[in-house]
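The values are calculated or read from the model by the stated rules, or taken from the named source; none is laboratory data. Because the structure is a prediction, the values reported are computed rather than measured. Heads up, the Cβs are rebuilt from the backbone with ideal geometry, glycines too, and the neighbour counts pull from every protein chain shown. Protein only, heavy atoms only, side chains kept; ligands, DNA and RNA dropped before computing areas. Shrake-Rupley method; radii C 1.70, N 1.55, O 1.52, S 1.80 Å.
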Amino acid sequence: VQLVESGGGLVQAGGSLRLSCAASTRTLNPYVMGWFRQAPGQEREFVAAISWNGASTYYADSVKGRFTISREYGKNTMWLQMNSLNSADTADYYCAAYYGLMVVAATEKYAYWGQGTLVTVSS
């Protein structure tokens, strides 16, 4: 799976931003997609994930209620709607995927990664 993120940028605290991830694959096997983020000097952390058909989602506690992950089945596109942003959300955001059915948070499970898009929240 090849993944390309877009939509990062600078936003004021309390604002919103929407990230997109376009996926391309040569097989019809189902794959889970997820968002991870990495702030300077910190380890990469799980943000949210969604099943192959969009029916199941899973969020990190830190973003639950503020972020919404969605996916358009058949068009290989995933989004992350981020609301009520704060400075702790500043990070490089990565789209990731793995072939499978279970929605999981473990970084090591995801075999495919995008290049990342930077989100900066100013206070």
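Summary of values
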item	result
Arg44, Arg71, Arg26, reordered so the largest accessible area comes first (probe 1.4 Å)	Arg26, Arg44, Arg71
Rounded accessible area of Trp79 (nearest 10 Å², 1.4 Å probe)	50 Å²
With every protein chain in place, the chain: carbon and sulfur % of accessible area (1.4 Å)	49 percent
Average accessible surface area per residue within segment 3-123, 1.4 Å rolling probe, Å²	52 Å²
Computed magnitude of the charge dipole of the chain (debye, nearest 20; Cβ of K, R +1, Cβ of D, E -1)	280 debye
Extended-chain gain in nm, criterion 0.36 nm per residue less alpha-carbon gap, Arg26 and Tyr99	25.1 nm
Dipole of the chain [Lys/Arg +1, Asp/Glu -1 at C-beta], most positive-end residue of Thr27, Ser122, Thr68	Thr27
Virtual spin-label span in nm between Thr107 and Glu45, 7 Å along Cα→Cβ	1.1 nm
